[in-house]
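Okay, so here's the structure we're looking at.
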Amino acid sequence: MGQTFRVGLTADFLKPDGTIGFGDIGVETLDQVPGIEWEFLAENTPTLHADQVHGYNALLVLSSTVDATILDGNDDLAIIARFGVGYDNVNVEACSTNGILLTITPDGVRRPVAASIMTFILALSYKLTIKDKLIRQGRWAEKLDHMGSGVTGRTLGVIGLGNIGREVFTLAKAFGMQHIAYDPYATIEQAKAIGVELVSIEDLLRESDFVCICCALTPETHYLINAERLDLMKETAYLINTSRGPIVEEQALINALRNQRIQGAGLDVFEQEPIDINNPLLNMENVILTPHAICWTDECFLGNGQSACQSIVDVSMGRLPQNIVNREVVDHPRLKEKLSEFSN
């Protein structure tokens, strides 16, 4: 690489005192490559603006919104490396139009998110938070009123048989559960290869004791779980969502929980984030809530960071990275020109 390759990291990685708030995020991967210079953007803004990203060849983005206004006509930027697997905060079409790669980090989140889903399953089925409250409030004798339910022989239903969904089934094997999944893009053969039965979404909701949402938020999955579909679930079933809030119609879920149509829920994501302090979910004993952060561990952030930084390193050397979201951009003349410049 014959020129300096400039990398900007969004400032939402930083605490107010300027230190990295997530421990080791793998930036040593960038330090090991001569010619790469990186820094955090000067401002922490919900939506990035053109002045912030001017002159950077790569952006490592946590949660800031990246819209067309900073991408249109940007001749320097070659890659936006999203720290995580969701990319609804990035205008994909504008990336493709302007010859800019968008990458994600499925290898970084696979095990941490799947493990967090299993954490929800076990905590809900064993009524962990309720029993914790009993002992803290001196209500020891009430433990007889809060019998848990074992997971052996129960049916685990996963919506989305992708990177994370497959890993959930891998971790759940030890618990002797029945495995079913819904994914319109998966084949019966792919499911059988990992010991999973592929079913319709209606059958999954009817049969599952634990319904786990592992799909991306798209126009097709918005309110995928609505009032009508919640009514299909067993009264003893639990709903777990670690994906994106708007996949579930939140008011319909609140109603289902209030009316004891389902047993409970584990939610890491919400329609409005941060969650409103008056949201009825906050007062429900049969719900476990986490702030879109249940999988945030040292393992998760190091894995995400190393994956994202490796994508940046690949582009800095004129190579196509792995985990490209907008594959259509690969043949874009401007991207080819940028990669050629970096490889010289």
Which fully enclosed strands (runs of 3 or more DSSP E) of the stretch 191-299 have 2 or more residues being of a type in the set (Val, Ile, Thr) and under 24 Å from residue 131 (Cα atoms)? 287-289
Go through (1) without any contact (Cβ under 8 Å) to a residue 60 or more places away in the chain; (2) over 26 Å from the mean Cα position of the chain (by Cα) for residue 155 and report which single condition fails. (2)
Okay, helices (runs of 4 or more DSSP H) sitting entirely in the stretch 26-99 with 2 or more residues that are among the small types (Gly, Ala, Ser), I get 92-97
Quick one: count up the residues across the stretch 139-185 that are out of contact with any helix residue (DSSP H, G or I) (no Cβ under 9 Å at 6 or more places or on another chain) and within 21 Å of residue 229 (Cβ to Cβ). 2
Looking only at the stretch 169-187, which residues are under 19 Å from residue 207 (Cα atoms), more than 21 Å from the chain's Cα centre (by Cα) and part of a loop (DSSP other than H, G, I, E, B)? 176, 177
Considering residues of the stretch 89-131 that are farther than 23 Å from residue 310 by Cβ and of a type in the set (D, E, K, R) only, the residue surrounded by the fewest Cβ atoms within 10 Å (Cβ to Cβ): 93
Can you name the residue in the stretch 5-31 that is surrounded by fewer than 15 Cβ atoms within 10 Å (Cβ to Cβ) and within 18 Å of residue 81 (Cα to Cα) and, of all such residues, is modelled with the lowest pLDDT? 24
Residue 236: touching a residue at least 40 places away in the same chain (Cβ under 8 Å), outside the structural domain of residue 89 (by TED's automatic domain parsing), surrounded by 18 or more Cβ atoms within 10 Å (Cβ to Cβ) and not aliphatic (A, V, I, L, M), yes or no? no
Residues of the stretch 211-228 being over 13 Å from the mean Cα position of the chain (by Cα) and among the small types (Gly, Ala, Ser), in sequence order, are 227
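Results for (1) among the hydroxyl-bearing types (Ser, Thr, Tyr); (2) over 24 Å from the mean Cα position of the chain (by Cα); (3) surrounded by fewer than 20 Cβ atoms within 10 Å (Cβ to Cβ), shown as yes or no for each residue.
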| residue | (1), (2), (3) |
| --- | --- |
| 251 | no, no, yes |
| 254 | no, no, yes |
| 264 | no, no, no |
| 274 | no, no, yes |
| 283 | no, yes, yes |
| 298 | no, no, yes |
| 305 | no, no, no |
| 308 | no, no, no |
| 332 | no, yes, yes |
So if I check each of 161, 156, which one is touching a strand residue (DSSP E or B) at 6+ places or on another chain (Cβ under 9 Å) and part of a strand (DSSP E or B)? 156
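The values are calculated or read from the model by the stated rules, or taken from the named source; none is laboratory data. Just so it is clear, the model here is predicted, and its values are computed rather than measured. Every residue, glycine among them, receives a Cβ derived from its backbone with ideal geometry; neighbour counts consider all protein chains shown.
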